[in-house]
Each structure stands twice: as structure tokens, then as C-alpha cells.
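> First the structure, then my questions, so here it is.
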Amino acid sequence: MDEFAILERIQRRVLWLSTWMVHHANFVRPNPDGTKVGGHQASSSSIVGLLTALYFHALRPDDLVAVKPHAAPAFYAIQYLRGRLPKTALAELRSFGGLQAYPSRRRNPAIVDLSTGSMGLGAVQATFCALGSRYLADHFGVTGTGRVIVMVGDAELDEGNVWEALGEEAVRGLGRVLWIVDVNRQALDRVVPDSRTRQLGALFSACGWRVIELRWGGKLEALFRQRDGERLRRRLEAMSNAEYQRLLRQPAGALRKALVGDAGRKIDKALDRLLGRLGDPEVAALVADLGGHDLRLIAAALDAAGGERGRPTVILAHTIKGWGLPLAGDPLNHTALLTPAQVDELRASLGIARGAEWDGFAPGSAEAELVRRLPPLFTPPAAAPPRADVPAALDETYPTESSTQEAFGRVLGALARLPVADAIVTVSADVAVTTHLAGWINRKGVYFPAAKPNPFADLPQAMQWKESPAGQHIELGIAEHNLFLLLGALGLTRELSGVTLLPIGTLYDPFVPRGLDALYHALYSGARFVVAATPSGVSLSPEGGAHQSVITPGIGVALPAIAYFEPAFAREVEWILLDALAGLAGGTGESLYLRLSTKPVDQSLAPPPSAEYRERVLRGGYRLVDARGEPAWDPEANGVHLFAAGAMVTEAVEAGRLLGERGVLANVFVVTSPDRLYRGLRSPRPYLEELVSADEEGVPVVSVLDGHSHALAFIGAALGVPQLPLGVDDFGQSGARADLYRHYGIDAAAIARAGATLLGA
């Protein structure tokens with residue numbers, strides 16, 4: 001049997017299974033709470049031909065695939081037909097512990113190469129995985145012919161982060177990247193604007209991509225070659241997306257009339273003659289004959305794309321949303337579900353016997369034999385052995401006055417001299433200089449897939465910009481989404497390639513929220529990396545509110561799968577960063593969000609280095625000033641706890657001194673990780689209760705940090721005592737640091753007043 005005849009039968013089975021899965025989840029499976037389960041039948045059906053040709057004709061064993069999220073049921077159906085999912089799994093679509101609504105490496109890692117679900121984000125992170133593969137080839141000799149294949153819907157390309165990524169220079173040379181765009185002309189609520197559809201090819205071309213367009217199917221193209229056939233082509237290609245969608249919903253006879261002269265248009269006699277040779281059903285079938293449903297054309301395009309080496313390729317495949325279903329072309333079909341009667345009609349048209357709804361290919365059938373001959377799909381490599389060369393501490397000295405941002409640069413500089421540096425790759429969104437990466441870059445260079453000349457090489461510069469395949473810093477444009485998605489890609493190399501990288505990304509802390517969606521996606525995908533964000537809070541006072549971060553501590557506490565730390569002293573930066581890198585190297589640790597400051601801090605205030613000090617720093621905090629030994633200490637009368645994070649520790653120490661002048665004795669606690677302290681509350685014995693001894697019950701709390709006060713506001717409730725949380729709860733502004741601290745109520749005097757207020761002193 002002809003390959004494409006077999007693929008056609010496979011396509012019909014994929015269409016049925018994807019439709020039935022959603023139907024079963026919504027109408028057959030028990031649903032005690034009555035919530036609509038959903039499942040996107042129309043979005044799945046538009047891409048079944050593309051998925052069929054890809055998975056049953058074109059894929060190689062080392063290809064990675066990111067499937068458009070709304071096609072998840074079709075993807076799961078194919079995984080079942082390829083023998084990677086049991087039949088029982090299909091019945092658990094969108095159920096607890098079952099197949100996720102959208103492809104997820106975190107929840108269904110055995111079958112999902114790359115997570116998608118947040119529009120635009122999965123596509124870009126997948127593309128950056130190809131850049132990560134190129135980096136591994138240049139640095140570790142990890143070679144292969146595998147491609148990264150990204151399948152997206154046309155409306156998904158409305159997301160601006162897509163074009164931010166495709167505009168990156170390094171992406172232009174990634175010949176192993178293939179995008180397949182499902183151009184079904186429909187978004188969630190509307191028909192896609194005509195301008196967008198017509199721009200796509202030009203936009204990809206402008207980004208240096210090879211563009212292959214599958215607009216019309218083979219049967220329609222054959223008609224175009226007949227006499228007056230070009231008139232039909234011009235008619236179809238001149239009409240708007242909305243008009244074309246309306247054609248798909250017209251009864252067969254009305255469709256013919258609409259084509260030759262509708263809405264007052266003069267009848268095109270030549271076009272009328274051309275179509276007059278065809279019956280109404282034939283005309284309807286031809287109008288719906290699009291390239292994205294023609295398996296021969298799709299296969300040929302995939303084969304052509306497979307030969308491209310010097311640049312990425314995009315296939316613009318025109319399809320019909322809802323193809324093969326009663327709701328085909330309906331502009332509101334995105335969330336629509338087939339009725340039970342419609343499912344029965346589809347069952348009959350596809351020849352599915354009752355009781356055989358979940359059947360795959362019969363043993364010995366042509367479909368089963370084709371599957372048997374296919375090469376295997378991507379299988380993750382064996383787990384990489386943990387690296388054991390990340391030190392627990394460094395032989396590094398720090399200036400007496402030093403900011404945590406400066407300490408971060410010194411730690412990287414020290415690491416650059418050690419063997420573990422080979423695994424470190426830094427990334428920055430055009431802020432390498434101002435986030436203290438210069439020393440690292442001078443030693444390790446800038447990564448680019450092809451060597452570039454440095455016109456400034458003969459001039460003295462604080463930072464030498466030498467770009468080559470040997471570099472270990474990747475510089476991006478001012479695009480925080482790109483930063484987090486590239487970190488997500490680099491943080492998956494262990495799982496996808498068997499090589500462990502230790503990615504460290506730097507950005508301005510105020511701009512973490514700008515890329516928050518991408519950061520969330522990167523973490524959700526299972527990637528592990530380090531984010532060093534600086535400067536934090538209002539401490540960089542002259543820069544003003546646009547460059548001062550207020551809400552980021554709350555983000556750090558709330559984000560899953562990433563530990564938020566805000567150290568006070570240089571040695572703490574060292575320990576926290578090394579501990580995080582050791583976790584990444586071992587494959588078990590979580591990501592790190594390191595919130596740093598440009599405020600110089602007197603390092604003599606820090607305790608002497610010790611194993612206990614380090615342990616407490618990593619657990620989330622420690623007692624810096626202990627008032628319990630004072631002769632006048634009375635926890636029921638004159639004691640107060642001051643909890644401070646990061647740069648505010650010096651203010652808290654000074655506040656303790658001011659309180660002492662008023663007869664109030666203050667314990668000063670350094671909170672190195674509000675996140676760790678908060679999460680620790682779920683433990684049988686919370687670490688916070690270890691920090692505060694039993695004989696201090698009832699001592700009130702003042703908390704302070706250079707950010708929104710709510711990030712530490714849980715401490716009093718956790719200890720069961722009154723608390724006044726201090727922080728920056730409004731937009732920042734320009735000014736001297738002392739003026740801003742006083743204005744926002746986080747200077748030493750304000751902290752002392754809060755402590756006195758709690759005691760009624």
C-alpha cells in the first residue's frame with residue numbers, strides 16, 4: 001500500500017482519538033463537580049495532518065518536539081499509536097495525576113520533550129534549546145543531527161516575546177531549528193487579522209529564516225493550472241480571512257454563488273464556467289483543500305526543511321480549525337465541544353465500531369507495520385553523574401566595605417580559576433557591566449557560534465568583548481523574556497543531552513516582573529539555574545522609581561521551584577551561590593533567585609566564618625546581635641526582635657543601638673532567605689522557632705527589608721507575637737539614600753520607633 005494511503009488512515013485515527021478523548025473527558029467520565037473539562041477539539045483537528053506527517057514520516061531519534069499546547073489531545077493520541085502511552089492513559093486526559101491539559105515535562109516527562117502551554121513561551125524556550133545544543137557542541141563536543149521542531153498556532157505569534165527571540169542574532173544561524181506554524185486563521189475569540197497572516201512570511205524572512213509556505217493542497221493547485229484556474233487562485237487569495245472562514249460554513253450551493261459573485265459583486269463568468277464542471281460537494285471539498293492538510297505536500301516540506309543547515313526554517317501550513325469536524329471554520333469553535341450526536345456521526349463517518357473507540361492499529365495492519373519500521377522517538381540520555389567539583393567555600397577575601405553585588409562579581413572571578421568553571425555559562429540582558437560580570441567575561445569571553453573580530457582589541461577597556469565559540473557568556477538584547485527562557489533551555493541540558501551546565505543569569509531586579517511569565521515557564525518546565533538580580537530596592541537611590549524594585553521579594557517567596565535569598569554580607573553571597581551551584585551540579589537542587597544590592601555594607605559586622613554560621617545562612621537566617629546576655633534583659637518588658645534582610649541589616653543594628661539608649665534591648669536577626677523561613681513553617685519544627693528560643697515567647701517583632709514589607713510580615717504570626725513590618729510599600733523616587741530611607745520609614749530611626757511603639761516605650 002502507498003505510504004500516503006497509510007498515512008491518510010493514520011490521520012483519520014488520530015483525528016478520532018483526539019476528538020474522542022476530549023468527548024470522553026467531558027461527557028462519559030464521571031464529573032462530580034460538573035466543571036467543564038474542555039480539551040480543544042477544533043485546535044487539535046487542524047494540526048492532525050501536520051502531526052501525522054511529522055511523527056509517522058519525518059522524525060529522527062534525536063529530534064526534540066515542542067507541540068502547540070491546544071493540540072495536546074492529538075499529541076497524546078500519537079504517543080499512544082507510537083506505543084509510548086497505554087490505552088488507559090487516554091481516558092485520563094485532564095484528570096488528577098493523568099495527562100495534563102498541555103504538554104508538560106514536569107508532569108508527563110516520559111513522552112513530553114519540551115513543555116508548552118503559555119502562549120509563545122514554550123516555542124521560544126524550545127528554540128533556545130537549539131542554541132544550548134550548539135553551545136554543548138562547541139564546548140564539550142556533544143554532536144548530533146537532531147533538530148528542535150516547534151509547532152505553534154498562528155495566533156500564538158501575536159505574543160511579542162516570540163519576535164524578541166527571533167530577532168536575536170545567534171538564532172539566525174541555527175540550522176537545526178524548524179518551526180511549523182498552524183495557520184488556521186483563528187484566535188481564541190476572533191478571526192486572525194488579514195495583515196498578520198500576510199506578514200508572517202516577511203517577518204520570518206527578515207529574521208533570516210527560510211520560509212516554506214503550504215497554502216493550497218495538491219487538488220486545488222491542479223485546478224489552478226487549468227484554463228481560468230488562475231482566476232480562482234486570485235479570488236481565493238484576495239479575500240479576507242473572515243470571508244474565507246465564512247465560505248467554509250456555507251452550504252455547498254451557496255458556496256459556489258459566493259465564489260463567483262457574492263454581495264453585489266459582478267458574476268465572474270469565466271470562474272463560473274470553471275466551477276460549472278464540478279458538483280457542489282466537489283467545489284466545497286476543493287475550497288477546503290489547504291496545504292496543511294495535504295500529507296504529500298507536508299512530507300515534502302518536512303524533507304526539504306531537513307536538508308537546511310545554515311539557517312532556521314519555518315513551514316507556514318494553512319489549515320482549517322476544526323478540520324474534519326462539524327464545527328470546521330466556525331469562528332467561535334475554539335472552546336466548542338461536539339455534542340454526543342455529532343460524535344456519533346463522526347464515529348460512523350470514520351468507521352469506528354462501538355466498543356472500539358480506544359483501539360489502536362490492529363497487529364499486522366499496514367499502519368502497524370509502518371509504525372514498526374519507524375525509527376524510535378527521542379529518549380532522554382542516562383542521567384549525568386553529579387559533578388563533585390563545586391567547592392563549599394572559596395579562599396577569597398572581601399573589602400571591609402563591600403556590597404553584595406560586588407561580592408557576586410568576586411565570587412564569579414574566583415570560580416573562573418577553578419575546574420568547575422567549565423560548566424558555568426553566564427547570560428545577561430545587556431547589563432553585564434552593571435551586574436559585575438566584567439571580570440568573568442574578561443577571563444572566559446563571550447559566546448557566539450561563529451568567531452567575530454573585536455575592533456576594540458587594541459584599546460584599553462575595562463571589559464574585553466571577544467566573541468567566539470569558546471566564550472562562556474551569552475549576551476542578549478534588552479529582553480527579559482529571552483533571558484529567562486534561555487536560562488530555562490540551558491538549565492535542561494542535563495535532562496536532554498546528558499551534560500550538566502550551571503547557568504547564571506543577571507538582570508536588574510526591577511525588571512524581574514517584566515519577564516516573570518517566562519521565569520515561571522522556565523521553572524515549570526523543570527529547568528534549574530541561578531538568577532542574580534541587582535540592584536534591589538531603593539538603595540540605588542538616584543536612579544528613581546523606574547529602576548527601583550519593590551515587589552520582587554514577594555515574587556521570590558511565592559515562586560515554586562526556586563529559592564529566594566537576600567544576603568547581607570559578602571561571605572554569605574559566596575556560600576549561597578556555591579550551595580546553589582552544587583545543587584545544580586548534583587541534579588537535585590532547585591533554582592536560585594539571588595537578590596543583591598549596590599549598597600556598601602561594613603563587613604566587620606558579620607560573624608566570623610564558621611560551619612554553624614554557613615549552615616544558618618543556608619537555612620534562612622541567624623541571630624546577629626544577642627541581647628539575652630544583657631543584665632537588664634527582660635523578654636516580658638523590654639525586649640524586641642528586629643528581623644532584617646539584605647542591605648537593611650546595618651540599619652537594624654543601628655536601630656538596636658538607638659533602642660538601647662531608650663532602655664529597650666533588641667535582638668537583631670539576619671534573614672538571608674525569607675523564602676526558606678516561610679517554607680520552613682510547614683515543618684514539624686519550623687526553623688524560625690529554632691532561631692527564637694522558648695524563653696523569648698511574647699517578644700514583639702519589627703521586620704524590615706528594602707522592598708515591600710509583606711515579604712517578612714508572616715514572622716509575627718508564625719511566632720504568635722505582635723509585629724510591625726517595615727518596607728517600601730510605594731513607588732520609589734530619586735534622591736539621596738538617607739532621604740529615601742527616612743521617607744519610606746526604613747532607616748534606623750524608623751525601625752527604633754517601631755520597636756518602641758510595640759513596647760509602648
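> Alpha carbon centre of the range 186-218 versus the range 219-239: separation in Å?
Cα centroid to Cα centroid, the span is 20 Å.
> Follow-up question, since we're still on this one. Can you compute the modelled spin-label distance between S205 and A470, with each label point 7 Å from Cα toward Cβ, in nm?
4.0 nm
> Using Cα positions and a limit of under 12 Å, work out the aspartates and glutamates in reach of K444, with same-chain residues fewer than 8 apart set aside.
Correct list for K444: D422, E467.
> Can I ask one more? Rounded to whole Å, give me the distance from the Cα center of the range 499-513 to that of the range 371-392.
Here the two parts' Cα centres lie 24 Å apart.
> For the range 294-419, rounded, prolate or oblate, judged on the Cα gyration tensor with a ≥ b ≥ c (square roots of eigenvalues), a/c < 1.5 rounded, else prolate if a/b > b/c? Show your work: numbers first, answer last.
Details: a/c = 2.74, a/b = 2.38, b/c = 1.15.
Verdict is prolate for the range 294-419.
> Any idea what the dipole of the chain comes to, in debye rounded to 20, about its Cα centre with Lys/Arg Cβ at +1 and Asp/Glu Cβ at -1? All intermediate terms of the calculation are to be shown ahead of the outcome.
Working: 75 positive and 82 negative charges, 679 e Å.
Once rounded to the nearest 20, the dipole reads 3260 debye.
> Under 16 Å between alpha carbons, and skipping anything fewer than 8 positions from K36 in its own chain: which aspartates and glutamates qualify?
Counting by Cα, and skipping residues close in sequence, K36 has these aspartates and glutamates nearby: E92.
> Where a ≥ b ≥ c are the square roots of the eigenvalues of the C-alpha gyration tensor, would you call the range 143-276 rounded, which needs a/c under 1.5, or, failing that, prolate if a/b is larger than b/c, or oblate? Mind showing how you got there, number by number?
Details: a/c = 2.86, a/b = 2.05, b/c = 1.40.
The shape class here is prolate.
> Which of the lysines could be linked to K269 by a straight reach, that is with a Cα gap under 18 Å, when you skip same-chain ones fewer than 8 residues away?
Of all the lysines, those that pass the test against K269 - Cα under 18 Å, at least 8 places apart if same chain - are K257.
> Which is farthest toward the positive dipole end of the chain among A457, L415, L437, measuring Cα position about the Cα centre, with Cβ charges +1 (Lys, Arg) and -1 (Asp, Glu)?
Working it through, the farthest residue towards the positive pole turns out to be A457.
> If you project the alpha carbons of the chain onto their three principal axes, what span does each projection cover, largest first, in Å?
105, 68, 57
> Would you mind working out the magnitude of the charge dipole of the range 403-602 relative to its Cα centre, with +1 at each Lys and Arg C-beta and -1 at each Asp and Glu C-beta, to the nearest 20 Debye?
320 debye
> What does the extension gain come out to for A382 and F96, with contour length at 0.36 nm per residue minus their alpha carbon separation?
On the way: separation 286, 0.36 × 286 = 102.96 nm, distance 2.85 nm.
Between A382 and F96, full extension yields 100.1 nm more.
> Where does each of C207, C129 land when they are ranked from fewest to most other beta-carbon atoms within 10 angstrom? Can you show the working numbers first?
Details: C207 19, C129 30.
By the 10 Å Cβ count, ascending, the order reads C207, C129.
> Using a ≥ b ≥ c from the Cα gyration tensor of the range 403-602 (square roots of the eigenvalues), is it rounded, prolate or oblate, where a/c under 1.5 gives rounded and otherwise the larger of a/b and b/c decides, a/b for prolate?
Numbers: a/c = 1.41, a/b = 1.10, b/c = 1.28.
Since a/c stays below 1.5, the shape of the range 403-602 is classed as rounded.
> Could I ask something else about it? When the label point is put 7 Å from the Cα of K452 along its Cα-to-beta-carbon vector, which residues of the range 468-494 have a backbone N closer than 17 Å?
Label zone hits: 468-479, 483.
> Provide the packing ranking of 712-722, 518-528, 629-639, 5-15, i.e. peptides ordered by the mean count of other C-beta atoms within 10 Å per residue, highest first.
The densest-packed peptide leads the list: 518-528, 5-15, 712-722, 629-639.
> Using a 7 Å offset from the Cα along the Cα-to-Cβ direction at both V433 and E396, what is the distance between the two label points in nm, to one decimal?
Modelled inter-label distance: 2.3 nm.
> Related question: With point charges of +1 on the Cβ of Lys and Arg and -1 on the Cβ of Asp and Glu, referenced to the Cα centre of the chain, which listed residue (V601, P631, L59) lies farthest in the positive direction of the dipole?
L59
> Which peptide among 316-322, 154-160, 552-558 comes first, and what is the full order, when sorted by highest mean count of other Cβ atoms within 10 Å? Walk me through the intermediate numbers first.
Numbers: 316-322: 25.6, 154-160: 19.7, 552-558: 21.6.
Ranked by mean Cβ neighbours within 10 Å, highest first: 316-322, 552-558, 154-160.
> Moving on to the next point. What full-extension length gain, to one decimal in nm, is calculated for T35 and R106 as 0.36 nm per residue of separation minus the Cα-Cα distance? Don't skip to the answer; put the middle values down first.
Numbers: separation 71, 0.36 × 71 = 25.56 nm, distance 2.44 nm.
That pair, T35 and R106, stretches by 23.1 nm at full extension.
> Another one. Hey, how many Å between the Cα centroid of the range 705-754 and the Cα centroid of the range 110-176?
42 Å
> Which one, F361, L584, T500, is farthest towards the positive end of the dipole of the chain when Lys and Arg carry +1 and Asp and Glu -1 on their Cβ?
It is F361.
Bear in mind these aren't lab numbers, they're just calculated from the coordinates by the rules spelled out. For clarity, every value in this text was computed on a predicted model and none was experimentally measured. Heads up, the Cβs are rebuilt from the backbone with ideal geometry, glycines too, and the neighbour counts pull from every protein chain shown.
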